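Structure, as structure tokens:
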Amino acid sequence: MIKSKDIKKNLTGYAFIMPQVILFLIFMVYPIIEGIRLSLYKINYKTETFVGLKNYRDLFNDPVFVKSTLNTIIFVVFIVGLTVAFGLFVASAVFDKDARYVSFIRGSYYIPVMVSMVVMSMVWNFLLNPANGLIPYLTQQAGFSSVNFLGNKAIVKPVIIFITFAINVGQAIILYIAAMIGIPNDLFEAAEVEGVSKFHIIRKILIPLVKPTTIYITIINIIAVLKIFVVIQLLTGGGPNNASSTLMYYLYNNAFKYNRLGVASAVGVIMFAITLLLSVPQLRAMFKED
Amino acid sequence: MAEVVLKKAEKVYPNGFKAVHGIDLHVKDGEFMVLVGPSGCAKSTTLRMIAGLEDITGGEIWIGDRCVNDIPPKDRGIAMVFQNYALYPHMTAYENMAFGLKFKKTPKDEIDARIKEAAKKLEITELLDRKPKEMSGGQRQRIAVGRAIVRKPDVFLFDEPLSNLDAKLRVSLRVEIKELHTQLKKEGSTATMIYVTHDQVEAMTMGDRICVLDYGRIMQVDTPLNLYHKPKNKFVASFIGAPTMNIMETELDKDEDKTFVKINDEVIYLEEDMAQKVDSYIGKRVYLGIRPEDINMVSSDDPVMENTITGEVLVVEQMGNEEIVYFGIDGNRYIARQTPDLNEDLSTGAKKRFHINMRKCHIFDFETEENIIL
Ligand SMILES: Nc1ncnc2c1ncn2[C@@H]1O[C@H](COP(=O)(O)OP(=O)(O)OP(=O)(O)O)[C@@H](O)[C@H]1O
Ligand SMILES: [Mg+2]
């Protein structure tokens, strides 16, 4: 009696999560499996030929793929590093100030986060346009020779890094401020009474105490930047000479421009594997919670 | 020398709220001073002004021979213990205690020696390499006290350090803190302590002197016994002592030779010496204050005595060694406290006579609420 009742109760529970599970299976699990399968085939419109790991071998022999991978790594390292560092810096500077001031800072950093990436990219495109953009105009006025920010191999990466960082950092600041406001004030007062300088309070107390937030920000940003695409597509098209091409952009080109679906799938599988690997600490932390 | 002196100290918060109204307080060297008062009376604010965590918006604060108005907390020679312990969660107990000292450029072995000594005093040696979350509340607060001791401050400041602990632990820790004070004094270290609490029992048991605050003003500063027996005003009288003092509104009156008050038409005579002090109040409204232990039930077969009132028993709280009788007269509630008499019928509604010991009564001015018989 009791058992069948239990099963019934559980069934109700499963019934409730069923829609979500079905969607998850259709739109997440199936594409992942299909992607892995496709990565082992050579696909030519309607014909699929099994080629084993050839797609992967080809990838590593393709200098553009190697370059895209390196670029992606560079973007991840710098953008995530800058975001965490600057996020910490701004948040620790403002979190204990007047609430109105804090909300102003929050708001102003959050606006770019709310606006779509496409719009932000277009804004930057206007700003950086070598013909009539504001920034090239200003640099020229300042006496520098005309700079093509997006067309110069040497500076395109820093520019992309800066733009992505500028768009992303708001979220990190918000998360950090929230975490810091949550720290009991008497910890800082205890340190103040003990004669710990502001600098050391930040270094020895504040930063260690927001470590969970740092881990979270680092991981979500790594995952986001790994997939960096919109900015590249809209600002540089991967150029000049693939200097700003990324894994995602490479995948996109193969899938939709060169029609090499198998190769594109292989890139997708590699990115999935990297992301999964990077998520392990985060997932572990999340499961440890309960 | 580590006296703490407040001269007309005043605090107006940025939102314009005046929390502290120019208070004068002199805490003597080595004294255990308790700041007590109801919630929101600015105990914490006052303590934090002494610590330097709040700016002083008027007056002066002196610690030792320096006016510390513009001296940052770290240079005031103080250590503070907080209600929520304020231990750094990512450090062990040892690191917590060492942390502040490192920034005072104290040599490593000196730090170690001081921590070991303090740990021994507080019996926390086994806890030293635990993190706060691996300790109970009482253990954490001990660590926090240890962190204060190792700094060898001139003045210890405590802000309700025991109020997060359960009742039993609170009692044992308050004894320990008091002992610590005695011990530090014996060792010759300056051990001026200022201790904030809203618990009047803590105040009475710990303080050398107690400063009673209300709405940012000092109501009275005195020894526990003086506060109890000679409260300067109605506020102190009713704040100190549990159960609280009976306070009734009445009118002073006089027949040929004796001054009296009336409680529900029953006449209560004042003692001769007291009567003289209140002579100018004849015919005026006053508050009469009587502690519960000065009201005693009169057994029914006693001959009629002077100064008795008749009331109806409401509730009796039996403590074993004493009983607290709540009784009502004409809608007002009074409290008597006495040794239990098991022969008496104390069921609710029983009519009983209670004798008032007028030698111990207090009379307060109706307007100023000052005690007029002191
Ligand atoms: N930052 C602030 N701004 C404005 N008013 C404040 C501020 N901090 C405290 N107050 C007010 O000052 C008064 C005294 O506060 P305080 O914290 O000193 O009270 P307290 O006696 O310590 O009370 P408790 O027993 O609840 O701790 C209160 O009325 C409080 O509302
Ligand atoms: Mg307080």
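The values are calculated or read from the model by the stated rules, or taken from the named source; none is laboratory data. What you see is a predicted model; the values in this text were computed from it and never measured. So basically every Cβ, Gly included, is an ideal-geometry build from the backbone, and we count neighbours across all protein chains shown. Side chains are part of the model used for accessible areas, which takes the heavy atoms of the whole protein and leaves out ligands, DNA and RNA. Shrake-Rupley method; radii C 1.70, N 1.55, O 1.52, S 1.80 Å.
Observations, loosely collected:
- Virtual spin-label span in nm between residue B:254 and residue B:7, 7 Å along Cα→Cβ: 4.5 nm
- For residue B:60, net neighbour charge (Lys/Arg +1, Asp/Glu -1) across residues whose Cβ lies under 9 Å away: +2
- Rolling a 1.4 Å probe over the heavy atoms of the protein chains gives segment B:246-365 an accessible area of 52 Å² per residue.
- Accessible area per residue for segment B:1-90, computed on protein heavy atoms with a 1.4 Å probe, is 40 Å².
- Per residue, in Å², the accessible surface of chain A once ligands and nucleic acids are set aside, probe 1.4 Å: 58 Å²
- Taking 0.36 nm per residue of separation and subtracting the Cα-Cα distance, full extension of the segment from residue B:310 to residue B:370 would add 18.8 nm.
- At full extension, residue A:85 and residue A:37 could sit 13.3 nm farther apart than now, given 0.36 nm per residue minus the alpha carbon distance.
- Just the protein heavy atoms count here, and of the accessible area of segment B:312-372 at 1.4 Å, carbon and sulfur take up 44 percent.
- Net charge of neighbours whose Cβ lies under 13 Å from the Cβ of residue B:359, counting Lys and Arg as +1 and Asp and Glu as -1: -4
- Local electrostatic count at residue B:267 - Lys and Arg +1, Asp and Glu -1, tallied over other residues with Cβ under 11 Å: -3
- The share of accessible area on segment B:212-256 that comes from carbon and sulfur is 48 percent, using a 1.4 angstrom probe.
- Counting only aspartates and glutamates at least 8 places from residue A:67 when in the same chain, those with an alpha carbon closer than 15 Å to its own are A:58.
- Average Cα contact separation per residue, chain A, under 8 Å, 6 or more apart, as relative contact order %: 29 percent
- Point-charge dipole on Cβ atoms (K/R +1, D/E -1) for segment B:4-239, about Cα centre, debye to 20: 60 debye
- Computed over segment B:1-124: relative contact order in percent, which uses C-alpha pairs under 8 Å that are six or more apart: 22 percent
- Cut-off 19 Å, label 7 Å out along Cα→Cβ of residue A:199, residues of segment B:106-135 by amide N: B:106
- Estimated inter-spin distance, residue B:242 and residue B:187, nm [label 7 Å along Cα→Cβ]: 3.2 nm
- Accessible surface buried by the B/A pair amounts to about 1600 Å², both sides summed, 1.4 Å probe.
- Value of [θ]222 nm, deg cm²/dmol, for the protein assembly as shown, DSSP H segments ≥ 4, -39500 (n - 2.57) each, nearest 500: -14000 deg cm²/dmol
- Burial of 30 Å² or greater, segment B:72-94 residues [accessible area, probe 1.4 Å, versus chain by itself]: B:73, B:74, B:82, B:86, B:88, B:89, B:90
- For segment A:178-227, a reduction of at least 30 Å² in accessible area between the chain on its own and the assembled protein chains (probe 1.4 Å) is found at A:186, A:187, A:189, A:190, A:192, A:193, A:194, A:195, A:196, A:204, A:205, A:209.
- Mean sequence separation of contacting Cα pairs (under 8 Å, at least six apart), scaled by the length of segment A:34-172, corresponds to a relative contact order of 23 percent.
- DSSP assigns beta bridges within segment B:4-239; of those with both partners inside it, close to 50 percent run antiparallel.
- For segment A:138-175 versus segment A:27-74, the gap between their alpha-carbon centres in whole angstrom: 32 Å
- Accessible carbon and sulfur surface of segment B:1-154 relative to its total accessible area, %, 1.4 Å: 49 percent
- Across the options B:171, A:101, A:131, the greatest Cα extent toward the positive end of the charge dipole of the protein assembly as shown (unit charges at beta carbon of Lys, Arg, Asp, Glu) belongs to A:131.
- Bridgeable aspartates and glutamates around residue A:198 (alpha carbons under 19 Å apart, same-chain partners fewer than 8 residues away excluded): A:96, A:98, A:186, A:189, B:54, B:55, B:70, B:75, B:95.
- The accessible area of residue A:24, taken with all protein chains in place and a 1.4 Å probe, comes to roughly 100 Å².
- Of all DSSP beta bridges in segment B:123-277, antiparallel share, percent nearest 5: 70 percent
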